[in-house]
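Below is one structure, written out as structure tokens; comments come after it.
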Amino acid sequence: MAADLPMDLPVIDLDVFRNQPRDSPEVQAECLKAAKALITYGALVLHDSRVSEEDNAAFLDLLEDYFAQPEEDLKKDERPELHYQIGVTLENTEKPKCAVDEPCLNVINRLEPSERPLDITAHAPDPKCRFFWRMVELPPYETQFPGLNAANVVPEAPHIADRWGPTMNLWGDSMKNAVEGLTEMTAVGLGLPAGSFKDAGRYGPHLLAPTASDLKKYGEKDTILAGFHTDLNFLTIHGRSRYPGLHIWARNTGKRIAVKIPQGNYLLVQAGKQLEHITGGLIKAGFHEVVVNEKTVDVIEARKAQFPDRPLVRISSTFFWHLSSDVDLTPIPSLAEQARQVRAEQFNLGKNEGEEVTYPTMKVGELVQKYVPPFLFFPTPGKSCVLLKTDILFAACSELRHIALMT
């Protein structure tokens, strides 16, 4: 375990769960700690000895090299005919829904002024690129939400192509294995069978979805790289970025936390809307943003001096872990009751969580549609906006292609 953790999030040790008897006091205590961390913060730091710092470095190197290519080369990996749901999406495409969403703006207004995110009400689309790499096990049944069956995109450039598949799959599998272990720990900590969430997510539309921000162009302090939002999936897991700038908000205090994942076998995990729904709001989806702050600028200058030949690109190795689209999202009664108790406790402490949210039974695939009201679609010139019933909504609308993940 790290001797000097740079933030106040609890650190959960997956090795305890993996290596000791499931009924041991140590395992039970660690599982309870994981569940409480998600209830309290909506996020935690996960330690997993299988996670390799070298694998993370190789992944970051690869993605830096990839996004340092000329735009005309990157465009070869766009798939507009598939509505950008695989391959690359270039900067100024994704826009957080919160910028036009009253409930989300109300969350910001309830925060202390000093704890609020950078203003997003007039925020243009995020100046970041993204690459979608699917890591899916196809279901052995006919789904109500047929997903995208196209093969993943492998870049053409010789200095990238040979490394691409092995590196993406190695790092993606590391994060996927870690987060699936955490789903088991969380279930146990909530008083459920260990496989409750993991089994429900076996055929989920999981995505390794790294982002890239060009810090030569967007390295000025207070630049918003990814506006204030939550994620629509079950759990989001991040490897350590080379550049700080990720902020999250703790439910218990409303305080903004500047995240820095310790070096070594550590990952950051955040709760998404699917987990919020199935727990009846006991665990809330975590709000977060990525901005250029003072520490980002410091690291930019340090890397210019230490690695003058490396691209100045901020890579985030984001992995979105989903429940299977056909799973029924029904709040678990015992957890929904606990949620009401937590809400009452927060109210008694003078912490206003806003209007009470209802969580009706629906399919996971329908949850996506619930958070994508038609008025939010702004078509790209020359294209129509298409709303399809899919694992990940296919929207030919440049600002909102990431809406299935980001709300």
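Output the Cα-based Rg and Dmax of the stretch 11-400 in Å, rounding Rg to one decimal and Dmax to a whole number.
When restricted to Cα atoms, the stretch 11-400 yields Rg and Dmax of 20.2, 61 Å.
Just the ratio, please: alpha-carbon radius of gyration of the stretch 1-85 over 2.2 N^0.38 Å, N its number of residues.
1.64
Roughly how large, in nm² to one decimal, is the mean projection of the convex hull of the alpha-carbon atoms in the stretch 229-282?
4.3 nm²
Could you please rank Arg18, Arg314, placing first whichever residue has the fewest other Cβ atoms within 10 Å of its Cβ?
Neighbour counts put them in this order, fewest first: Arg18, Arg314.
Find the relative contact order for the stretch 11-400 and round it to a whole percent, using C-alpha pairs within less than 8 Å whose residues are 6+ positions apart.
Dividing the mean separation by the residue count of the stretch 11-400 yields 23 percent.
Given Cα pairs under 8 Å that are at least 6 residues apart, what percent is the relative contact order of the stretch 108-213?
Here the relative contact order equals 44 percent.
Provide the packing ranking of 317-328, 56-67, i.e. peptides ordered by the mean count of other C-beta atoms within 10 Å per residue, highest first.
With the highest mean Cβ count within 10 Å placed first, the list reads 317-328, 56-67.
P(r) tail for the stretch 271-353, what percent of Cα pairs lie past 15 Å?
Of all Cα-Cα distances in the stretch 271-353, 73 percent exceed 15 Å.
Would you mind getting the Kirkwood hydrodynamic radius of the stretch 30-72 from its Cα pairs, rounded to one decimal in Å?
Evaluated on the stretch 30-72, it is 13.3 Å.
Sorting Tyr218, Tyr266, Tyr141, Tyr243 on the 10 Å Cβ count, fewest up front, what's the list?
Listing Tyr218, Tyr266, Tyr141, Tyr243 from fewest to most nearby Cβ atoms yields Tyr141, Tyr218, Tyr266, Tyr243.
Past the 27 Å Cα-Cα mark, which pairs from Lys33/Lys295; Lys221/Lys255; Lys75/Lys221?
Pairs exceeding 27 Å: Lys33/Lys295; Lys75/Lys221.
Taking neighbour Cβ counts within 10 Å as the exposure measure, how do Ile332, Ile39 sort from fewest upward?
In order of increasing Cβ crowding within 10 Å: Ile332, Ile39.
Computed from the coordinates by the stated procedures, all read-outs in this text should not be read as laboratory data. It should be emphasised that the depicted structure is a prediction, and the values quoted were computed from it without experimental measurement. Methodologically, a virtual Cβ is constructed for each residue, glycine included, from the backbone with ideal geometry; neighbour enumeration extends over all protein chains shown.
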